[in-house]
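Everything on this sheet refers to the single structure shown next.
The values are calculated or read from the model by the stated rules, or taken from the named source; none is laboratory data. The structure displayed is predicted, hence computed values, not measured ones. Glycine also receives a Cβ, built like all others from the backbone with ideal geometry; neighbour counts cover every protein chain displayed. Areas reflect the complete protein model, heavy atoms only, side chains present, ligands, DNA and RNA absent. Shrake-Rupley method; radii C 1.70, N 1.55, O 1.52, S 1.80 Å.
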Amino acid sequence: MQYRVKLFLFFVFFISNHFLAQTYKNANADIELRISDLISKMTLEEKIGQMQQLNLWQMNSKVIDTVAKGKVGSFLNAGNKQDKIKLQKAAVEKSRLGIPLIFGRDVIHGYKTVLPIPLGQASTWNPDLVKRGTEISAREAAEDGIHWTFAPMIDIARDPRWGRIAESCGEDPYLASIIGSAMVKGFQGNDLKSANTIAACAKHYVGYGAAEGGKDYNTTLIPERELRDVYLKPFHAVVKAGVATLMSAFNDLNGVPTTGNSFTLKTILRDEWKFDGFVVSDWTSVDELIKHGFAKDGKEAALKAVNAGVNMEMVSENYTKYLKQLVESGKISTQWIDELVAGILRIKFKLGLFENPYIRNFEESTILCKTNKAIAKEIATESVVMLQNKNQTLPLKTKSLKSLAIIGPLADAPKDQLGTWTLDGKAKNTITPLTAITKEFGETIKIKYVKAMATCRSNDTKYFQNAIDAVKQSDAALLFLGEDANLSGETHSRAFINLPGNQEDLITELSKLGKPLVLIIMAGRPLTFGNITDKVNSILYAWHPGTMGGEAISDIIFGKTSPSGKLPVTFPRTVGQVPIYYNHKNTGRPPSANQLGRTLGTPENPEGFASYYLDVDFTPAYYFGYGESYSSFNYSDLTLSKKNIDFNDTLKVSVTVANTGKYKAKETIQLYIRDLYASVTRPVKELKRFKKVEFIPGETKKINFELTSEDLKFYDINMQYNTEPGDFELFVGSSANDKDLLKTNFKLTGSKEE
Ligand code: NOJ
C-alpha cells in the first residue's frame with residue numbers, strides 16, 4: 001500500500017476514533033494504522049534513529065543515553081540478558097515515544113545447540129528437518145532476548161574457493177529456494193508475535209556469491225538474465241515465504257554496489273515483489289560505498305543507500321550524521337524516509353515488540369535440551385554424504401572388529417567441528433567422534449587415538465609414526481581430516497582447495513599398511529582430494545557437523561543409520577575447473593564422453609575442438625545431487641501422463657524406485673528438465689523437484705511429481721518471465737550425472753493466451 005493511501009486511511013480512522021492519540025500503542029489496532037499514527041508523531045531525528053543499527057560488544061552508559069534520546073533503532077551483539085533489558089528499558093521508558101529496540105544477532109546454524117553449517121544442512125535435501133532445526137534455534141535465541149537473526153544466507157555459490165560457501169545452501173536456485181524458505185519458516189513460524197519465533201533476514205542481497213575468483217567481497221558481474229534466473233530466485237522465494245528482512249551485500253554488482261543499488265532494492269524488491277519489510281545494510285557496507293568509489297563521502301554514501309532503499313544502516317553511522325541535512329536540503333524526501341521507517345516499524349509491530357518489549361518468560365529453558373540435541377543430531381546425520389565405499393567397508397561390523405585406530409586432528413576437535421559462524425556455540429557442549437565412539441564402543445573395541453597433526457594445516461610429520469603404529473595394531477582406521485573451522489567463512493577464501501598441510505602424506509603413509517581406511521572429511525567447502533581417493537576404502541563428507549556431529553558420524557560408521565546426504569554443490573577435480581556447476585550452458589561445442597580419460601598433467605595427444613581441458617577431465621569429481629547409501633536403489637518406469645502438454649496442463653510424472661539393498665535407507669529422488677531450444681540458451685539441466693523418501697529393504701514405491709508450465713519459466717530474449725513452447729527433456733534419478741538418471745521427453749505446445 002502506498003504511504004499516501006495509508007495516511008488517508010489513518011486520517012479517516014482519526015476522525016472516527018477518540019482514542020487515536022495513542023493508536024500506535026493499541027495492540028488491537030490495525031498494524032498499518034499503528035505505523036501511520038506513530039510516524040505522524042515522530043520527529044525527523046526520531047525517524048533517523050530508527051534507521052540506525054549499532055554494534056555493541058561492550059555495554060556502556062553513553063549508549064543508554066543514545067537510546068533514551070531515540071537515536072538508535074536496533075543493536076546487534078547487544079551483550080547479555082541484563083544488558084538487553086537495560087537498553088530496552090531506556091528505549092521503552094525513557095525515549096519520548098517509547099519505540100522498542102530490535103536486537104539482532106548472527107544465529108546462523110543454531111544458537112547454543114549448533115547445527116551443521118548451512119551447506120551441510122542443504123546436503124540433507126530435507127526441508128522439513130531443516131525447518132525443525134531453525135525452529136529450535138529461534139526458540140533458543142529468543143530465550144536470550146534475540147528478536148532477529150541474520151540468516152538464512154541464500155547466496156548462490158558456485159565457487160568453492162569462496163569461504164562463505166559454507167554458509168550457503170549451495171549452487172542451485174531451486175534447492176536454495178526450498179531450503180532457504182524452510183529456514184525462514186522455521187525461524188519465523190506462523191506468527192512473529194509468538195515467543196518462540198524470531199525475524200529472519202535473507203542475505204546477502206544480491207549476487208555476493210559470484211565474487212570474482214572466489215575472493216571475498218570481490219566484484220561481481222552478473223548479466224540481468226542470470227541475475228534473475230539464478231541469483232535472485234531464492235530471494236524471491238523467501239520474500240514469498242514472508243521473510244521479514246533482507247540484508248544488502250558488500251559486493252559491487254555490475255558497477256553499482258548492492259548497498260546503493262536501486263535496481264535490485266527498489267525496482268525488483270519493492271516494485272516487482274512488493275516486499276514491505278525492511279533492508280538492513282551489511283556491516284559498514286554503507287560506509288564502504290566510499291571505498292567502492294561510488295560515493296564521494298559519508299554524506300553521499302548515506303544519500304545513495306537511502307535513495308536505493310536500505311532502511312537501516314548497520315554499524316557505520318552515516319545515517320545518523322547526514323540524513324537530517326539530506327532531508328532538509330531536499331535531496332531525500334520526507335515521504336521516502338517515512339516509507340523506509342514504516343518498513344522497520346512494521347516488523348517491530350509484527351514481532352509484538354510494543355506489547356512485549358522485554359525478554360519473554362519461558363517456563364523452561366530449551367537451550368541444549370535433549371530434544372534440541374536430538375534434532376541437531378538428526379540433521380547432522382542426514383547431512384553426511386558418502387562419496388565412496390569400496391568393498392562395502394562401511395558400515396564397520398562391530399562383531400568382527402576388535403581394535404580401531406582413530407586418527408586425525410578433527411577426531412576430537414570440539415570447536416572446529418562447529419564450523420564457521422558460531423558466536424554462541426561452545427566447544428564444551430560438543431560431542432566429538434572420539435567421544436561418541438569411545439562412549440559407545442570403548443568397552444568392546446580397543447580404541448587407539450592419535451591426533452597425528454597439531455592442526456589440519458600442520459606441515460610437520462613428527463607424529464606420523466604414532467599414527468602408523470596405531471593403525472598397524474588395529475583392524476581398521478578412521479581418519480578424521482579436512483579443514484579447521486577457521487579455513488572457511490567470511491574472508492576465509494582459499495586459492496587452493498586441497499586437503500591442507502600434510503594430510504595427503506599422512507593418508508599415503510597409512511595406506512601402505514593395508515588396513516581398511518575410512519576417511520571422514522569435515523570441511524566448510526568442497527575440497528579436491530582426487531590424489532588420495534584410491535588410498536582409502538570409504539569417504540564420508542561430514543562438513544562441519546555441529547554440536548552432535550560425533551554421535552551422528554558414529555551412527556553412520558557403525559550402521560545404525562545409512563548415509564543419505566546428497567551434494568548441494570558440484571565437487572571439482574581440481575581448482576582449475578572452478579567455476580563448475582551442473583546447470584551450466586551447453587556451448588556450441590560441448591565435449592563428449594569419448595574425450596574423457598586423459599591422464600591428469602599430461603596434455604599430450606590433444607584433439608579438438610570441444611569445450612574441455614587438456615589436462616583434466618571436463619567432468620566433476622562428484623556431481624551435484626550425488627551421495628551413496630549402504631543400500632542400493634533401482635529406478636524404473638519413468639512415465640509421463642502426457643507427451644504433449646499445453647500451458648494449462650499439469651504434467652504428472654511417475655517413477656518406480658526400489659530398495660534393492662539390505663538396509664533401511666532414505667533416497668532423494670531428483671527431477672531435472674532441459675529446455676532444448678529457446679529464444680535464449682538454457683542450462684543443460686535444471687532441478688525442478690525432489691523428494692526424500694525412506695525405504696525398507698526390498699520395498700518398492702511409486703514416486704509422483706507434478707509440473708506445470710509455471711515451472712518452465714525463464715527470462716526470455718525480451719527479459720519477460722515466460723514459458724516458451726517447444727521440446728523438453730525430463731530426467732529422474734539419484735544425481736545430476738546422466739548415468740544416474742532415467743530420461744524421457746515431452747512437448748509444450750500452444751501459448752499462454754490460449
Ligand atoms: C558481516 C557479514 O557479512 C554478515 O553476514 C553478518 O550478518 C554481519 N557481518 C553481522 O555480523
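Here region 630-739 is treated with +1 on each Lys and Arg Cβ and -1 on each Asp and Glu Cβ, and its dipole about the Cα centre works out to around 600 debye.
Its residues counted as N, region 242-346 yields a C-alpha radius of gyration over 2.2 N^0.38 Å of 0.97.
Look at the Cα gyration tensor of region 655-729: its axes a ≥ b ≥ c give a/c of at least 1.5 with a/b over b/c, and that counts as prolate. Cβ-Cβ distance of Thr43 and Lys291, R₀ of 30 Å, FRET efficiency by 1/(1 + (r/R0)^6): the value works out to about 0.40. DSSP beta bridges fully contained in region 376-557 are about 15 percent antiparallel.
Ligands, DNA and RNA excluded, the heavy atoms of Asp252 present near 30 Å² of accessible surface to a 1.4 Å solvent probe.
In the distance distribution for region 487-547, Cα-Cα pairs more than 18 Å apart total 38 percent.
Of all DSSP bridge pairs formed entirely within the chain, close to 55 percent run antiparallel.
Over all other residues within a Cβ to Cβ distance under 11 Å of Asp229, the charged ones net out to +1, with Lys and Arg as +1 and Asp and Glu as -1. Would you work out what percent of the accessible area of the chain, with all protein chains in place, is carbon or sulfur (probe 1.4 Å)? In the chain, the share of accessible area belonging to carbon and sulfur is 50 percent. When shorter helices are ignored and each DSSP H run of at least 4 residues is given -39500 (n - 2.57), the per-residue value for the chain at 222 nm works out to -7500 deg cm²/dmol.
The simple spin-label model puts a point 7 Å past each Cα toward its Cβ; for Ala610 and Lys664 those points are separated by 4.5 nm.
Protein heavy-atom accessible surface, 1.4 Å probe, per residue over region 376-557: 35 Å². Each Lys and Arg adds +1 at its Cβ and each Asp and Glu adds -1 at its Cβ; summed about the Cα centre, region 376-557 shows a dipole of about 460 debye. Against the main long axis of the alpha-carbon atoms of the chain, helix 298-308 sits at an angle near 80°. Restricting the calculation to alpha carbons of region 209-296 gives Rg and Dmax of 12.8, 38 angstrom. Can you tell me, using C-alpha contacts under 8 Å and at least 6 residues apart, the relative contact order of region 250-314 as a whole percent? That works out to 44 percent.
Let's test this: bin the Cα-Cα distances of region 376-557 at 5 Å from zero up to the farthest pair and state each bin's percent. So the P(r) values, bin by bin, are 1, 9, 18, 23, 22, 16, 7, 2, 0, 0. Of the residues Ser365, Thr668, Gly70, the one whose Cα sits farthest toward the positive end of the charge dipole of the chain, with +1 on the Cβ of Lys and Arg and -1 on the Cβ of Asp and Glu, is Ser365. Checking the cross-link pairs Lys215/Lys240; Lys662/Lys688; Lys472/Lys535; Lys233/Lys291; Lys370/Lys666; Lys185/Lys664 against a 19 Å limit on the alpha carbon distance flags Lys215/Lys240; Lys662/Lys688; Lys233/Lys291; Lys370/Lys666; Lys185/Lys664 as lying beyond it. Once the Cα-Cα distance is subtracted from the 0.36 nm per residue extended length, the Ile717 to Thr491 segment shows a gain of 77.7 nm. Here Ser632 and Thr444 are evaluated by their C-beta separation; at R0 = 25 Å the FRET efficiency comes out at 0.30. Kirkwood radius for the chain, taken over all pairs of different Cα atoms as the inverse mean of 1/r, rounds to 27.4 Å. The convex hull defined by the C-alpha atoms of region 123-174 has an orientation-averaged projected area of 4.3 nm².
Looking at region 633-749, the accessible area is 45 square angstrom per residue; that uses a 1.4 Å probe and ignores ligands, DNA and RNA. Annotation: per residue accessible area for region 57-205 equals 26 Å², rounded to a whole number [probe 1.4 Å, protein chains only]. When region 33-120 is described by a simple charge dipole with +1 on each Lys and Arg Cβ and -1 on each Asp and Glu Cβ, the residue from Ile117, Ser61, Ile35 located farthest towards its positive end is Ser61.
Using the Cα centre of the chain as the reference point, and only Cβ charges (+1 on K/R, -1 on D/E), how large is the resulting charge dipole? Debye, rounded to the nearest 20. Using Cβ point charges on Lys, Arg, Asp and Glu, the chain gives about 1320 debye. With the simple model of a label 7 Å out from the Cα in the direction of the Cβ, Asn26 to Asn531 spans 7.3 nm. With R₀ set to 41 Å, the beta-carbon distance separating Lys739 from Lys240 gives a calculated FRET efficiency near 0.70. Considering every alpha-carbon pair of region 538-696, the percent of pairs per 10 Å bin, from zero through the bin containing the longest distance, is 8, 26, 30, 25, 10, 0.
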